[in-house]
Amino acid sequence: MRPTPTPRANSARVLTLLCVIYFMVILDAAIVRIAIPPMQHDLGLSRADETWVANSYMLTFGALLLLCGRFADVLGRRRMLLAGVALFTCASLLCGLASSSAVLIAMRALQGLGAAAMTPAALSILMSTFLEGAERNRAIGAWSAAGGMGATAAWVIGGPLIDGPGWQWAFWINIPIGIALAAFAVPLLPESRDDFAPRRFDIAGALSVTAALAALIYAVVEAPAHGWGSTQTVLLFAIALALLASFVVIERRSAAPLIPRRIARSRPLLAANLGLGGAMASIYGMVFIVALYGEQVLGWSALKLGFAGCVLPIGAAIGAGLGQSLVTRRGPRPVAISAMVALAGGFVLLSGLPLHSDYLGQMLPALVIFGVGLGAAATSFSIATLAGVHPGDAGLASGLNNTFEAIFGALGTAIMASVAITHTNGLVHAGSAALPALNEGFNLAFAVAIAFPALGLLASIALRPASCPRPSTLLAPTTVVETSAEQKLA
C-alpha cells in the first residue's frame, strides 16, 4: 500500500517540523565536541571522559534505534516521537545541571535514548507523507541537509553559546526548541502505525547489541591508556565479539527479531547503510579532531572556531541539494562515489596541517570539500537505503539507517581520538615537545581516517545501478506462509 499524499501546504509544514527535529538530534551529537575544554575545566574530565561525553549519546542513540523504530511502528509513530522529544528535552536540562563527569555521561546517554525514540518515528512519518520518487527524494534531500547542517553547524551555534553564557547552554538551548516542537507536532502530525506488526519486541537482542557496542567502544577509548596489546584491551575486544555473536544467535531464534531475515539478506540495503556509516564516521571524527586541533594547537576560542566552521553547514546544504537532484536523474551510485572521493581528499588535506596553520590556504579548502561531500553522501545513501521500502517497515528501515549513522559516528570519533592520543603519548615519551607531538597525533588521526571514506567507496560501488529496476516493496513483509515457517523455527 502506497502512502496517501497530503495537501502540499500541510506536507511542507510536516517536512519543516521533521527536519527541525532531525537537525536538533544531530546538532546535539556534535555540539558537545567544542564544549569539551570548558567542561574539562569545570568537571575535571579525563581524556577518556572527553570521548565518552561525546559517545555515550551516540551509543544509546545508535544501539536502540532499531528497537525504538519497531516500537514506533507498533505503538504509534506520533506517540513515540512526542515521548522522545519529552525525554530528550528533560535530559538536556539535566546535562546542563551535571556536577560531575559521571552524571554528565549518564545524562548524555539518556539524551541518546530520547533521540532514538523520536528519530525513526520522524523519518517514517516523512516516508508515509511523500510518495516514492522525485517527491520523496526532495524530502529526503531536505532531511539529509538538515542532518548535515546539524553535524556541521555545531561550531557556528555552539561557539557563541560556550564563550558567552557557558557550556551548559549547549544543552539548554534544546529546552525551548523541544517545547515548541511538541506544541506544533500535536495538531500537525497524524497518528500512524503498522497494524500487522507483531506485538512482541526483541528486548534481549537490543540489550546484547548495546552491550557489545559499549564494550567495543570502551576498548578503543581506553586502549591508549592501557596499551593495544594489554590484557584489558584484548579481553574487552573478545567480550564485544562474544556479545555480537550472541546477538546473531538471539536474532536467528527470535520470533520478532530487531532485523528480520528479509532485511538482513538485502545486499543493496547493507551496501547503502555501510556507505552511510563510512560517511558519518568521517564527519563526526573530523569535527571532533578539528575542534581539538583548533583549541589545543592553534589556541582558538570556541567563538573563533565557530566562525571558522561556518562553511561546513553551507557546504552540506549545497551538497544535499545537488545530491538529491543528481540521484533523481542518475541514481545514487555515481553521487555516492563522488562524495566518498571528496571526503577522502578532505582527509588528505587535513593530514598535512602544520603547527601554525593558514586557515584560508589550508583549512578552508578541506572544510569546503567536507561540507559538500557530506551533504551529497548523506542524501545519496539515505535515498538508496529507503528506496522501495514497504510502508509497514518504515520505522524499522529508518531506524536501521540511523543506527549505522550513529554507531559508525561513535566508532569514528573513538578511533580517531585513540590514534591521536596514542601517537602523541609515544612522541612525548620519546622526548618530543608537547605541542608538536599533539599536532602530529592529530595529523596521523586524519591520515588513518581515510579508511572511513574508503569503506564508503567500496559500498558505493556495490549500490544498485540506476538502470537496474527494483521492486516497489523491497522490504515488504513476508507472506503468511513464510511468517508461519519462521515462527515454527523459532
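What the table shows:
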quantity	calculated
Dipole magnitude of the chain, debye to nearest 20 (Cβ charges: Lys/Arg +1, Asp/Glu -1, about Cα centre)	1500 debye
Of (1) 74, 56, 40; (2) 69, 49, 45; (3) 83, 60, 43, the label for Cα extents along the principal axes in Å derived from the coordinates	(2)
Estimated distance in nm for a label pair at Arg252 and Ile461, the labels positioned 7 Å out from Cα along Cα-to-Cβ	3.0 nm
FRET efficiency estimate (nearest 0.05) - Cβ-Cβ, Arg265 to Asn425, R0 60 angstrom	0.85
Segment 74-126 versus segment 251-283: alpha-carbon centroid distance in Å	23 Å
Residue order, fewest to most surrounding Cβ atoms within 10 angstrom, among Cys95, Cys310	Cys310, Cys95
Backbone HN-Hα couplings from phi across segment 148-165 [Karplus 6.51/-1.76/1.60, Hz, Gly and Pro as x]	x, 5, x, 5, 10, 7, 4, 5, 5, 7, x, x, x, 5, 6, 7, x, x
In nm, spacing of pseudo-spin labels at Arg330 and Ser100 (7 Å Cα→C-beta vector)	5.6 nm
Positive-end residue, the chain charge dipole about Cα centroid, Cβ charges, pick of Ala434, Val32, Leu59	Leu59
Peptides ranked, highest mean first, by Cβ atoms within 10 Å: ranges 138-144, 29-35, 226-232	29-35, 138-144, 226-232
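None of the figures in this text is laboratory data; all of them are computed from the coordinates on show. None of these values were measured; they are calculated from a predicted model. FYI the Cβ positions are ideal-geometry reconstructions off the backbone, even for glycines, and counts take in every protein chain you see.
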